[in-house]
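Trainee: Quick one: structure below, then a few questions.
The values are calculated or read from the model by the stated rules, or taken from the named source; none is laboratory data. What you are looking at is a predicted structure, and each value in this text was computed from that prediction instead of being measured. Neighbour counts are summed over all protein chains in view; Cβ atoms, including those assigned to glycine, are modelled from backbone coordinates with ideal geometry.
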Amino acid sequence: LEKFKTDFAAAGVGQFGSGWAWLSVKNGKLEISKTANGESPLVHGATPILGVDVWEHSYYIDYRNRRPDYLKAFVDHLVNWEYVDELFSKAGV
C-alpha cells in the first residue's frame, strides 16, 4: 500500500497544470496514470476506480502551492478504500 501511495501521489505531483491522477483497471491489471484537464482513463480503454483532482481549485485554499502535501493527505485520510475495493471487484479482474 505504501508503494501505491507514493506512486499515486507522484502521478498527481507530476501532472503539469490542471488534471487528475488515477488508479484504473486496464486489461485486467491495476494502472496508475495522470490526465490533463477533464480527460478520463475511459478514453484510453481503462476503468477508473480512484481519481484525485489536481486542479489548483481543489487544494489551493488549504494547501496553497503544496500539491504534494494535498496528495499525501488525500491518500492517507480521504480515500474510502472499501469503496475502491468494491469498484475493483466490479471491474472484472
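Trainee: Step by step: first the residues of the range 17-36, then only those that are among the polar types (S, T, N, Q) and at pLDDT 95 or above, then the one that is surrounded by the fewest Cβ atoms within 10 Å (Cβ to Cβ). Which residue is that?
Mentor: So the first thing to find is which residues in the range 17-36 are among the polar types (S, T, N, Q), and the list is 18, 24, 27, 33, 35.
Add one more test, that the residue is at pLDDT 95 or above, and what stays is 24, 33, 35.
Working: 24: 23, 33: 19, 35: 21.
Going through the qualifying residues, I end up with 33.
Trainee: Can you list residue pairs whose Cβ atoms sit under 8 Å apart, with the first residue in the range 34-59 being more than 13 Å from residue 71 (Cα to Cα) and the second being among the acidic types (Asp, Glu)? Count only pairs 6 or more apart in sequence or on different chains.
Mentor: From residues that are more than 13 Å from residue 71 (Cα to Cα), the pairs are 41/31; 46/31.
Trainee: Separate question: Give the residues of the range 45-63 that are modelled with pLDDT under 95 and either over 17 Å from residue 9 (Cβ atoms) or part of a helix (DSSP H, G or I) (or both), sorted by residue number.
Mentor: 56, 57, 58, 60, 61, 62, 63
Trainee: Just to be sure I understand, how many residues within the range 1-16 are within 12 Å of residue 72 (Cβ to Cβ) and crowded, with 20+ Cβ neighbours inside 10 Å?
Mentor: 3
Trainee: Evaluate the following for residue 89: is it within 20 Å of residue 10 (Cβ to Cβ) and either modelled with pLDDT under 95 or touching a Phe, Trp or Tyr at 6+ places or on another chain (Cβ under 9 Å) (or both)?
Mentor: Working: within 20 Å of residue 10 (Cβ to Cβ): no; either modelled with pLDDT under 95 or touching a Phe, Trp or Tyr at 6+ places or on another chain (Cβ under 9 Å) (or both): yes.
No; evaluated as a whole, the condition is false for this residue.
Trainee: Looking only at the range 61-86, count how many residues are within 23 Å of residue 25 (Cβ to Cβ) and crowded, with 16+ Cβ neighbours inside 10 Å.
Mentor: So the count comes out to 3.
Trainee: Moving to a separate point now. Answer yes or no as to whether residue 73 is in contact (Cβ under 8 Å) with a residue 24 or more places away in the chain, more than 16 Å from residue 17 (Cα to Cα) and among the hydrophobic types (A, V, I, L, M, F, W, C).
Mentor: Criteria not met by residue 73.
Trainee: Can you name the residue in the range 27-66 that is of a type in the set (D, E, K, R) and more than 21 Å from residue 80 (Cα to Cα) and, of all such residues, is nearest to the chain's Cα centre (by Cα)?
Mentor: 39
Trainee: Before we move on, is residue 72 assigned to a helix (DSSP H, G or I) and on the phi < 0 side of the Ramachandran plot?
Mentor: When the stated conditions are applied, residue 72 passes them.
Trainee: Mind counting the residues in the range 5-23 that are part of a helix (DSSP H, G or I) and either free of Cβ contacts under 8 Å to residues at least 24 places away in the same chain or of a type in the set (Asp, Glu) (or both)?
Mentor: The qualifying residues number 5.
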